[in-house]
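This report concerns only the one structure given below.
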Amino acid sequence: MQLEGCSLIGAGKAPHRGKGASALEPATGTVLKPEYCWASHEDVEAAVQLAESAFEKFGALPPARRAEFLKAIAQGIESNAAVIVERAHQETALPQARLTGEIGRTCGQLRLFASLIEEGSWLDARIDHADPARTPVPKPDVRSMLVPVGPVAVFSSSNFPLAFSVAGGDTASALAAGCPVIVKPHQGHLGTSELVGRIIQQAVKTTGMPEGVFSLLYGPGRDVGMALVKHPAIKAVGFTGSRAGGRALMDAAAARPDPIPVYAEMGSINPVFLLPAALAERAEAIATGFHASVTLGVGQFCTNPGLVVTPAGADTERFLAALTLLLAATPAGAMLTASICEEYRAGIERFAGVPGVKQVAKVTVEQNSAGHFAGAALFRTTGANFLAHPHLMDEVFGPSSLIVEVASEAEALQVAQALEGQLTATIHATEAELGTHHALVEALAIRAGRLLVNGFPTGVEVCHAMHHGGPYPATSEGRTTSVGSRAIERFVRPLCLQNFPQSALPDALKEGNPLKIMRLVDGQLTRE
Ligand code: NAP
């Protein structure tokens with residue numbers, strides 16, 4: 001596939017004109033061809049109009065047709081895996097093995113959503129039969145199911161150039177729901193985005209989807225991205241990135257004459273609580289697991305553990321000694337983009353400047369014409385000092401973590417109660433400790449979307465039960481997830497049909513259940 005550097009609009013492409021940017025190799029600073037040109041406002045309008053006109057037909061297609069489309073995208077990505085991995089490796093400096101894993105994850109997600117819509121029960125079909133004899137008023141026939149919301153704008157993430165990018169979880173779940181998608185690609189992997197975008201374009205053609213179900217518009221977020229968010233035909237937004245970026249989109253969407261939801265996954269420090277008996281039993285093993293988690297992918301994961309709350313004392317010293325040795329032996333890694341590296345440097349400088357915070361691990365951050373590299377940072381402070389400086393709760397995106405030594409269980413609980421919304425929270429505990437720390441578990445359950453015991457938060461399984469969300473500011477909407485099959489719920493709304501004749505009902509709501517899906521009929525879950 002020859003890269004052309006143009007936005008993809010329906011089945012075509014935007015003319016190559018005007019200003020734009022080229023991708024850079026983070027590990028060497030080398031400029032990669034071609035130059036990408038930014039979409040114009042006419043391009044945005046053309047893509048949105050195509051999406052709007054495709055919506056009705058696409059949303060009404062039999063689920064098997066949309067499933068075929070998702071599977072064709074997965075097949076296309078697999079067939080071109082080598083070239084995609086090669087380009088993504090150049091653009092992000094992520095290791096090829098990790099990117100190959102991401103290909104598997106991306107295709108797995110697409111197939112998960114294909115099987116979800118083929119099975120059909122996700123439609124949440126409900127039927128309450130009429131009772132004309134009811135007094136004082138007859139009961140109407142009331143039926144409902146989930147229907148797609150309309151065209152969706154997806155801002156792809158920097159840190160998952162495949163699994164949360166052009167054909168990633170947001171796109172897969174929106175297409176599965178029946179919503180056309182317009183992607184605003186991340187500038188950190190322009191060429192990878194084009195490769196995957198063209199595979200989707202091809203899948204639209206080969207599976208006979210209406211033109212406009214997919215477009216890809218290059219350009220700055222504040223210009224092209226905002227134009228999408230403000231466009232009246234766009235009905236929802238998916239986003240992964242910074243709190244500032246997510247918040248800007250949320251505010252713009254809320255300020256529209258017709259506000260729309262923005263599903264923004266923004267960031268989290270993913271606290272890890274160490275309880276005394278577990279720490280005494282396996283301080284060194286916890287240090288090993290924690291080190292692997294905090295340095296994975298140069299710390300560029302939303303689930304990176306940025307905070308450890310641990311009882312002050314000899315076992316914490318054992319944990320810290322083991323962790324410090326491991327960190328000292330870990331080389332600096334290339335970060336995804338120059339601005340992420342710059343923010344990392346600024347974040348660790350801020351932490352180092354807070355009174356009462358001691359820097360344990362020496363950090364190297366090198367930014368020059370040959371690339372941007374960062375090493376791990378480790379800070380320690382007391383529970384009281386942490387509580388006195390709320391900014392120590394800010395995410396430092398990268399391989400950095402803060403150890404908070406608490407003087408008592410009560411102080412550990414106070415720290416938990418002071419936390420903002422989180423994607424995850426982890427407890428290392430013996431089974432007996434877990435049984436006696438209900439208040440801590442409760443405090444974390446209120447504040448996090450996923451609780452883990454004796455593990456580490458990086459590595460988010462893509463499955464039906466996964467919840468990758470959390471109260472604000474971890475996400476804009478803690479009731480939804482961006483990973484796992486429930487992600488489809490972001491892009492649908494319930495539609496209720498009252499007193500419709502059988503012939504006018506969609507198959508999902510007809511008597512006899514022609515789709516053989518699970519439905520709630522007069523209060524009973526049944527396939528009958
Ligand atoms: P970002 O700066 O939030 O950018 C993400 C996307 O949003 C980009 O496409 C960007 O467009 C767009 N955008 C940002 N601000 C915007 C605004 N005010 N209006 C409209 N669009 C806007 O995130 P990033 O580039 O991935 O990394 C920066 C920081 O984000 C990191 O240091 C980290 O703190 C955080 N981050 C968090 C996660 C997570 O999983 N929660 C993942 C990655 C990064 P442009 O093309 O103009 O840049």
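The values are calculated or read from the model by the stated rules, or taken from the named source; none is laboratory data. The structure presented is a predicted model; accordingly, all values stated were derived computationally and were not measured. A quick note on method: Cβ atoms are made from the backbone with ideal geometry, for glycine too, and the neighbour counts reach across all protein chains shown. The protein model used for the area step is the full one, side chains on, heavy atoms only, and it has no ligands, DNA or RNA in it. Shrake-Rupley method; radii C 1.70, N 1.55, O 1.52, S 1.80 Å.
Would you pick out the residues in region 230-259 that are within 24 Å of PRO15 (Cβ to Cβ) and of a type in the set (A, V, I, L, M)?
Once the filter is applied, which keeps residues that are within 24 Å of PRO15 (Cβ to Cβ) and of a type in the set (A, V, I, L, M), region 230-259 yields ALA233, ILE234.
Filter region 3-38 for residues that are open to solvent by 60 Å² or more (accessible area, probe 1.4 Å) and in a loop (DSSP other than H, G, I, E, B) and give the result.
Those that are open to solvent by 60 Å² or more (accessible area, probe 1.4 Å) and in a loop (DSSP other than H, G, I, E, B): GLU4, ALA11, PRO15, HIS16, ARG17, GLY18, LYS19, THR28, THR30.
Quick one: in region 484-509, which of the residues that are outside any helix (DSSP H, G or I) and out of contact with any strand residue (DSSP E or B) (no Cβ under 9 Å at 6 or more places or on another chain) is least open to solvent (accessible area, probe 1.4 Å)?
GLY484
Checking the condition modelled with pLDDT under 95, exposed (fewer than 14 other Cβ atoms within 10 Å of the Cβ) and over 21 Å from LYS139 (Cα atoms), which residue from GLU442, GLU528 passes?
The unique qualifying residue is GLU528.
Let's see how each residue does on (1) in contact with a Ser or Thr (Cβ under 8 Å, 6 or more places away or on another chain); (2) basic (Lys, Arg); (3) modelled with pLDDT under 95:
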site: ALA47; (1), (2), (3): yes, no, no
site: SER53; (1), (2), (3): no, no, no
site: LYS57; (1), (2), (3): no, yes, no
site: ALA60; (1), (2), (3): no, no, yes
site: ARG98; (1), (2), (3): no, yes, no
site: ARG111; (1), (2), (3): no, yes, no
site: GLU119; (1), (2), (3): no, no, no
site: TRP122; (1), (2), (3): yes, no, no
site: ALA125; (1), (2), (3): yes, no, no
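Kindly establish whether ALA277 is of a type outside the set (Phe, Trp, Tyr), more than 14 Å from the ligand (Cβ to nearest atom), touching a helix residue (DSSP H, G or I) at 6+ places or on another chain (Cβ under 8 Å) and not assigned by TED's automatic domain parsing to the domain that holds CYS107.
Judged against the criteria, ALA277 is a match.
Results for (1) touching a helix residue (DSSP H, G or I) at 6+ places or on another chain (Cβ under 8 Å); (2) closer than 24 Å to GLY459 by Cα, shown as yes or no for each residue.
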site	(1), (2)
GLY383	yes, no
LEU387	yes, no
HIS391	yes, no
VAL396	yes, yes
SER401	yes, yes
GLN414	yes, no
GLU431	no, yes
GLY435	no, no
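If I filter region 252-269 for residues that are at pLDDT below 95 and either near the ligand (Cβ under 9 Å from one of its atoms) or in the same structural domain as SER173 (by TED's automatic domain parsing) (or both), do I get at least one hit?
yes
Would a scan of region 429-437 turn up a residue that is in contact with a strand residue (DSSP E or B) (Cβ under 7 Å, 6 or more places away or on another chain) and within 30 Å of THR310 (Cβ to Cβ)?
yes
For ILE199, only one of the following conditions fails: (1) near the ligand (Cβ under 10 Å from one of its atoms); (2) out of contact with any strand residue (DSSP E or B) (no Cβ under 8 Å at 6 or more places or on another chain); (3) of a type in the set (A, V, I, L, M). What is its number?
(1)
Would you pick out the residues in region 211-260 that are over 26 Å from GLU194 (Cβ atoms) and of a type in the set (Gly, Ala, Ser)?
Result: ALA244, ALA252, ALA253, ALA254, ALA255.
Report whether or not ILE517 is outside any loop (DSSP other than H, G, I, E, B), at pLDDT 95 or above and open to solvent by less than 50 Å² (accessible area, probe 1.4 Å).
So ILE517 fails the test.
Any idea which of (1) away from the ligand (no atom under 16 Å from the Cβ); (2) more than 19 Å from SER7 (Cβ to Cβ); (3) among the small types (Gly, Ala, Ser) is the one GLY212 doesn't satisfy?
(2)
Could you give me the residue pairs with C-beta distances under 7 Å whose first residue belongs to region 288-303 and is farther than 19 Å from VAL360 by Cβ, whose second residue is outside any helix (DSSP H, G or I) and charged (D, E, K, R) wherever it lies, and which are 6+ apart or on separate chains?
Listed by first residue and then by second, the contacts come to CYS302/GLU265.
Only one of ALA46, ALA11 is within 25 Å of VAL224 (Cβ to Cβ), small (Gly, Ala, Ser) and outside the structural domain of SER165 (by TED's automatic domain parsing); which?
Of the residues listed, the single one that is within 25 Å of VAL224 (Cβ to Cβ), small (Gly, Ala, Ser) and outside the structural domain of SER165 (by TED's automatic domain parsing) is ALA11.
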